[in-house]
Amino acid sequence: MLKRAKQVLTIEAKAIQAMMRRLGADFKAGVDMIAHTRGRVIVCGMGKSGLVARKMAATLSSTGTPSIFLHSAEGLHGDLGQVKSEDVVIVISQSGETDETVRLLPLVKKIGAKVIVMTGNSKSTLGINGDVVLNIAVDSEGCPLGLAPMASTTVTMALGDALAACLIDRKKFKKEDFAMYHPGGSLGKRLLLRVEDIMRRETYFAKVPGKMLVKDVLWTITRARCGCACVVDGKNKLLGIFTDGDLRRHLEADGAVLQRPVAEIMTKNPASIRKEKLAAQAFDLLKTKKIDELPVVDQRGRVVGLLDVQDLLKAGLV
């Protein structure tokens with residue numbers, strides 16, 4: 001079993017290496033064609049090639065090149081209406097003679113779209129009629145029966161990734177751009193989510209004046225259902241923070257601490273964060289300072305919210 005598995009992996013690895021040695025002017029022409037198009041990239045295929053085409057279209061779209069998948073057979077029954085003259089159509093067929101794809105080609109050309117053909121047979125119908133032809137030929141598929149496409153689909157997918165990577169460079173596509181297309185993913189959250197998007201506001205955090213007695217501050221914290229209170233001056237600027245840790249430390253030394261003004265026992269000059277900062281920066285600050293809460297302030301230093309480590313957990317950043 002392991003011998004067979006290693007044999008297949010070796011065949012596919014060698015197929016990719018062989019394709020790498022073949023890369024040249026045609027590949028560069030394909031990248032240029034896609035980079036300069038005013039339309040979309042439409043990736044077309046049937047069967048296993050169609051599945052690879054779906055993945056290729058998804059990768060291109062997520063990396064800044066608008067792209068869709070077109071099933072060859074569905075294209076012959078109405079979906080060809082998705083193709084415009086300004087588009088680039090990538091057609092995938094190992095044999096270059098897939099019936100539905102071959103029948104689609106003259107219609108695509110009639111519309112006026114440019115065609116990049118990925119085929120293992122440059123002398124095939126598709127190979128002869130493509131504007132750019134990329135060779136995906138393999139010496140062996142790796143299938144014990146010699147029937148199922150294996151190495152050829154691996155090579156095609158790898159070549160699609162190479163196209164996408166080159167287009168990332170050409171378009172100067174950045175990780176911030178990638179995050180824009182992946183707002184639900186962890187990278188998107190780290191690069192897009194701001195503190196003000198997830199902080200606690202108004203009645204959901206405790207904000208008290210420095211003269212308020214500790215016993216009353218505790219009631220305020222309880223009503224707000226949070227773990228601390230932000231202590232502010234008359235202009236709503238941050239003076240300190242009062243946590244259960246502050247209470248425990250002072251209770252040991254002073255049994256009458258509940259009757260003292262909170263300003264006397266609060267933690268002065270606490271860490272805080274501006275509301276427009278990234279939530280990921282808030283997480284790094286909490287981790288570095290080894291604390292669980294961060295007062296959130298605006299540009300003038302006025303307290304506008306509170307960020308708890310639990311809020312970051314709910315947002316999926318931890």
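Just so it is clear, none of the values below were taken in a lab; they were calculated from the coordinates. What you are looking at is a predicted structure, and each value in this text was computed from that prediction instead of being measured. Cβ sites come from the backbone with ideal geometry, for glycine too, and all protein chains shown count toward neighbours.
Counting other beta carbons within 10 Å of each residue's own, what order do Met266, Met33, Met20 fall into, fewest first?
Ranked by crowding around the Cβ, least crowded first: Met20, Met33, Met266.
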Q: Please give the peptides 131-141, 194-204, 21-31 ranked by average Cβ packing (other Cβ atoms within 10 Å per residue), highest first, as a rough proxy for protection.
A: 131-141, 194-204, 21-31
Q) For the range 97-154, what relative contact order do you get, as a whole percent, if you take Cα pairs closer than 8 Å and at least 6 residues apart? A) 24 percent
Q. Dipole magnitude of the range 38-182 about its Cα centre, charges +1 at Lys/Arg Cβ and -1 at Asp/Glu Cβ only, in debye to the nearest 20?
A. 480 debye
Q. Using just the C-alpha positions of the range 195-314 as equal point scatterers, what log10 of I(q)/I(0) does the Debye formula give at each q in 0.10 1/Å?
A. -0.27
(Q) Just the number: Rg to Rh for the range 214-284, Cα atoms, Kirkwood Rh, two decimals. (A) 1.01
Q) What is the helix-to-structure angle for 279-289, meaning the angle in degrees between its Cα long axis and the longest Cα principal axis of the chain, kept from 0 to 90 and rounded to the nearest 10? A) 50 degrees
Q: Order these peptides, 165-173, 107-115, by their mean beta-carbon neighbour count within 10 angstrom, highest first.
A: 107-115, 165-173
Q: List the residues whose amide H sits under 5 Å from the amide H of Lys207, counting only those 5 or more places along or on another chain, with H placed 1.01 Å from N in the peptide plane.
A: Cys230
Q | Percentage relative contact order, the chain, counting C-alpha pairs under 8 Å, at least six apart | A | 14 percent
Q) What order do you get for 268-276, 304-312, 206-214 when each peptide is scored by the mean count of other beta carbon atoms within 10 Å, highest first? A) 304-312, 206-214, 268-276
Q: Would you work out the relative contact order for the range 58-152, in percent, from Cα pairs under 8 angstrom that are 6 or more residues apart?
A: 21 percent
Q: Kindly provide the Kirkwood hydrodynamic radius of the chain in Å, to one decimal, from all pairs of distinct alpha carbon atoms.
A: 24.1 Å
